[in-house]
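Encoded as structure tokens, the structure appears first; notes follow it.
The values are calculated or read from the model by the stated rules, or taken from the named source; none is laboratory data. None of these values were measured; they are calculated from a predicted model. Note that each Cβ is placed from the backbone with ideal geometry, even for glycine, and that neighbours are counted across all protein chains shown. Ligands, DNA and RNA are excluded from the accessible area calculation, which covers all protein heavy atoms including side chains. Shrake-Rupley method; radii C 1.70, N 1.55, O 1.52, S 1.80 Å.
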Amino acid sequence: MDRKEINEKITTIFRDVFGDNNLVINDEMTAADVENWDSLTHMLMITKVEEEFGVKFRLKELNKLKKVGDIISILEEKCQQN
């Protein structure tokens, strides 16, 4: 799965979790850029990402997730390993 495909799936997840069908994500986007992105919605989003991609994030990986691009990069690595 390439970065574009991952981005499309992540966009769908973000739109669902944050209840905004017009949300456009980018690599530099952080929680400060999205209304209602708090600790609860963050964990919900992570759970949905894990379910959608069939992966589990390790604690070390979760600590690195500062922006959307970080999520996509880790997913790229995980998808290549499978």
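Values as computed for the structure displayed
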quantity	calculated
0 to 90° range, to nearest 10: angle between helix 3-18 axis and the chain longest Cα axis	40 degrees
Accessible carbon and sulfur surface of the chain relative to its total accessible area, %, 1.4 Å	47 percent
Debye log10 I(q)/I(0) for the chain, one point scatterer per Cα, at q = 0.14, 0.17, 0.19 Å⁻¹	-0.41, -0.62, -0.79
R0 of 25 Å, Cβ-Cβ distance Gln81-Asp20: FRET efficiency to nearest 0.05	0.20
Residue-normalised accessible area of the chain, expressed per residue, 1.4 Å probe, Å²	64 Å²
Rounded to 10°, Cα long-axis angle of helix 68-81 versus longest principal axis of the chain	20 degrees
Relative contact order computed over the stretch 2-82 (Cα-Cα under 8 Å; 6+ residues apart), in percent	40 percent
Per-residue ³J(HN,Hα) for the stretch 42-53, Karplus 6.51 cos²θ - 1.76 cosθ + 1.60, θ = phi - 60°, Hz, x for Gly and Pro	4, 5, 4, 5, 4, 4, 5, 5, 4, 5, 5, 9
For the stretch 19-28, 3J(HN,Hα) per residue [Karplus equation, 6.51 cos²θ - 1.76 cosθ + 1.60, θ = phi - 60°, Hz, x = Gly/Pro]	x, 9, 5, 9, 4, 10, 9, 8, 4, 8
